[in-house]
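Participant: First the structure, then my questions, so here it is.
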Amino acid sequence: MKPTLFCCLLVCSLGLANLRGQETNKPEEKKPMDTNQKEVAVLKTSDGEMVVEFWPEVAPRTVANFEKLAREGFYNGTAFHRIMRGFMIQGGDPLTKDASNEARFGTGGPGYSVPAEFNDRPHLRGVLSMARSQDPNSAGSQFFICLGTVSQLDHKYTAFGKVIKGLDVLDKIGATPVSRSASGEISKPQTRVALESVKIVPADSVK
């Protein structure tokens, strides 16, 4: 009886050890991805970086379009072609990638337009908004960032985000010396202000 009992105890001990080993080696369950994770855009310019948060709650289509173009690398290598001191800086035109297109700067786009999403967010310093022609629904890829309060644009242009980091960079770009453009407007940068890249990243990855 004693040897039998000893064998049974030994087998049970080994069995428990094997179970413990299996529990230890059990792969960790992967947590489901948070599809609602907040994202921001990091705009790397020749004057430094700016971080922009989005407002999908008031301009969902506009935000989705900007993020789509950014992920495709559409904005990489473009430039801020229009700078009006105290008013705004404008970029997002793919034609600005090639200096030989200078006569047409401000007329380029992605080949489609996005419906207007005018909202109640005021155009204050650092606010990101969509540029357009006289047609309210003509916005495509070009955008501008306000250098100050420009309330005359409220409810007439689609505001869809704001600069949360790098306002000093915004001000530096806004102070770029400008000359008269072909249209006669004092807004043509005398030196190129490049938008080297736009990356969409998780908000918690930006310190």
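Participant: Could you compute the net charge surrounding Gly92? Neighbours are other residues with a C-beta less than 12 Å from the C-beta of Gly92; K and R count +1, D and E count -1. Could you put the intermediate results ahead of the total?
Facilitator: Working: positive: Arg82, Lys97, Arg132; negative: Asp93.
Counting the neighbours of Gly92, the net charge comes to +2.
Participant: Of the peptides 82-89, 176-183, 188-195, 138-145, how do they stack up when ordered by the mean number of other Cβ atoms within 10 Å, highest first?
Facilitator: Details: 82-89: 19.6, 176-183: 12.4, 188-195: 16.1, 138-145: 23.1.
Those peptides, ordered most packed to least, come out 138-145, 82-89, 188-195, 176-183.
Participant: Residue separation times 0.36 nm, minus the C-alpha to C-alpha distance between Arg192 and Ser133: what's the value? If you can, show how the numbers build up before the last one.
Facilitator: On the way: separation 59, 0.36 × 59 = 21.24 nm, distance 2.37 nm.
Length gained, Arg192 through Ser133: 18.9 nm.
Participant: Multiply the residue gap between Glu49 and Ala175 by 0.36 nm, knock off their C-alpha separation, and tell me the result in nm, one decimal place.
Facilitator: Numbers: separation 126, 0.36 × 126 = 45.36 nm, distance 1.58 nm.
Full extension from Glu49 to Ala175 adds 43.8 nm.
Participant: Still on this structure: If you take the square roots of the eigenvalues of the alpha-carbon gyration tensor of the range 39-205 and sort them as a ≥ b ≥ c, do you get rounded (a/c under 1.5), prolate (a/b over b/c) or oblate? Please list the in-between numbers first.
Facilitator: Values: a/c = 1.27, a/b = 1.20, b/c = 1.06.
Rounded, since a/c falls under 1.5.
Participant: Rank by packing, highest mean first: peptides 46-57, 152-163, with packing defined as the count of other Cβ atoms within 10 Å averaged across residues.
Facilitator: Values: 46-57: 17.3, 152-163: 20.2.
Highest-to-lowest ranking by the protection proxy: 152-163, 46-57.
Participant: Just subtract the alpha-carbon distance of Asp168 and Lys38 from 0.36 nm times their residue separation and send over the number in nm, one decimal.
Facilitator: Details: separation 130, 0.36 × 130 = 46.80 nm, distance 2.38 nm.
Value of the extension gain: 44.4 nm.
Participant: First measure r as the distance between the Cβ atoms of Lys156 and Asn76, then evaluate 1/(1 + (r/R0)^6) with R0 = 22 Å and state the FRET efficiency to the nearest 0.05. Please report the intermediate quantities before stating the final value.
Facilitator: Details: r = 29 Å, r/R0 = 1.33.
Once rounded, the FRET efficiency stands at 0.15.
Participant: Label-point separation (nm) for Leu124 and Asp204, each offset 7 Å from Cα along Cα-to-Cβ?
Facilitator: Result: 2.7 nm between the two label points.
Computed from the coordinates by the stated procedures, all read-outs in this text should not be read as laboratory data. None of these values were measured; they are calculated from a predicted model. Please note: Cβ atoms are built from the backbone with ideal geometry, for glycine as well, and neighbour counts cover all protein chains shown.
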